[in-house]
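Take a look at the structure below.
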Amino acid sequence: MTEGFFPLTIKKLVRETADATTFYFDIPAELKDTFVYSAGQYLTFEVEIEGEKVRRSYSLCTYAGVDSEPAVTVKKVDMGKMSAYMNSVLKEGDVMLVMPPMGKFTLVPEASRTQHYVLFGGGSGITPLLGITKAVLVAEPNSQVTLVYANRNLDSVIFKQALLDMEKTHEGRFKVHHNYDSAPITYFGLKGMLSSDKVQSIVKSKIGGPFDTYQYYICGPGPMMEVIKDGLKGLGVNSDRVHTEYFSAPTSKNSADEKPQQETDFAGVSQITLTVYGRTHTITCDQNTTVLNAAMKQGIDPPYSCTVGVCTTCRAKVTVGKLHMLEREGLSDAEISEGYVLTCQSVPRSAQITLKYE
Ligand code: FES
């Protein structure tokens, strides 16, 4: 079995839409502590498909305060090997290899807190937001949640009935505004693609109130997330109130300018001492190869999933030496100043480097 993964049995499957399924996992008593999670975190899976090991991460849609088993919802995507496999092949009773919960797109509720949370979800981006919504509604009795949920059409809405039920149960504290790319003429709600102007209009007219004091959580397709972030910025919402979870590499209007400048003061092969799963290894890595790729080529199997710098599964702390990160969306400024890097995006910039996976 791949190091860092644990076998979990699928206890229940729920077909949410024509192309999305929720998987509930049975957690054996001896793994209960290992699989403790916060609302909004994700699980990483590894399966072998046609002889190739495939890893993907999927957000938990559950909240441990109300759901007896953790669950992820997986939407089948074009060319998505894992999502097609999970939606078409897996059944109740099957066993999957799963890494313990990870991720920083979380909300840990506090009973004494009073807060308005505004969530923007697009398509399967609803999954972590559902867990976060449950956490607030159940464990922060003075807080409220507004969800703006964008989908292609009415048939592609995941958790449609669950959201309706939650609105009824928590009337006055939970409101959903659906937005459809296309909808029947008889639908009088929000329609058309989201834009920055539209986001500002929704926040001002549909939500209202002191919107610069709200906490915002955004998860969905990259371009949609960018227009929402732009819209909130235009409203004067401080960026530390905006929390994002990317499922793919973020799109940038000006990526060449926004990415850190390539540091070119090192050329050659670096010697890297890395500690993973409690064992220390020494590898070599040239200035154009990422630490993750070098480690894997030299027989080490560190934790990773997306390989594009968004999931942070491959995060490690550097204590000696220097690395250059090609993409850093998943890490906060504070983590970077503490020495954390994403090893799937980091190439050496010094002859000696020491790092530890955490
Ligand atoms: S593997 Fe996802 S950020 Fe590196």
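Quick look at the numbers
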quantity: L163 being in contact with a Leu (Cβ under 6 Å, 6 or more places away or on another chain) and surrounded by 13 or more Cβ atoms within 10 Å (Cβ to Cβ); calculated: no
quantity: Only one of K168, K198 that is surrounded by fewer than 15 Cβ atoms within 10 Å (Cβ to Cβ) and either among the basic types (K, R) or farther than 14 Å from M225 by Cα (or both); calculated: K168
quantity: Options K104, K91, K168: the member that is of a type in the set (K, R) and over 30 Å from E48 (Cα atoms); calculated: K168
quantity: Residue list for region 1-42, restricted to those being among the hydroxyl-bearing types (S, T, Y) and touching a strand residue (DSSP E or B) at 6+ places or on another chain (Cβ under 7 Å); calculated: T2, T9, T21, T22, Y24, T34, Y37, Y42
quantity: Within region 295-358, strands (runs of 3 or more DSSP E) holding 3 or more residues that are within 17 Å of G103 (Cα to Cα) and in contact (Cβ under 8 Å) with a residue 12 or more places away in the chain; calculated: 315-320, 340-342
quantity: Any strands (runs of 3 or more DSSP E) falling wholly within region 51-144 and containing at least 1 residues that are open to solvent by 70 Å² or more (accessible area, probe 1.4 Å) and in contact (Cβ under 8 Å) with a residue 40 or more places away in the chain; calculated: 52-59, 95-98
quantity: Subset tally (residues that are among the aliphatic types (A, V, I, L, M), free of Cβ contacts under 8 Å to residues at least 60 places away in the same chain and more than 7 Å from the ligand (Cβ to nearest atom)) for region 284-294; calculated: 1
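The values are calculated or read from the model by the stated rules, or taken from the named source; none is laboratory data. Source: prediction; values computed, not measured. Ideal geometry is used to build each Cβ from the backbone, glycine not excepted, and the neighbour counts take in all protein chains shown. We work out accessible area using only protein heavy atoms, side chains counted, and drop any ligands, DNA or RNA first. Shrake-Rupley method; radii C 1.70, N 1.55, O 1.52, S 1.80 Å.
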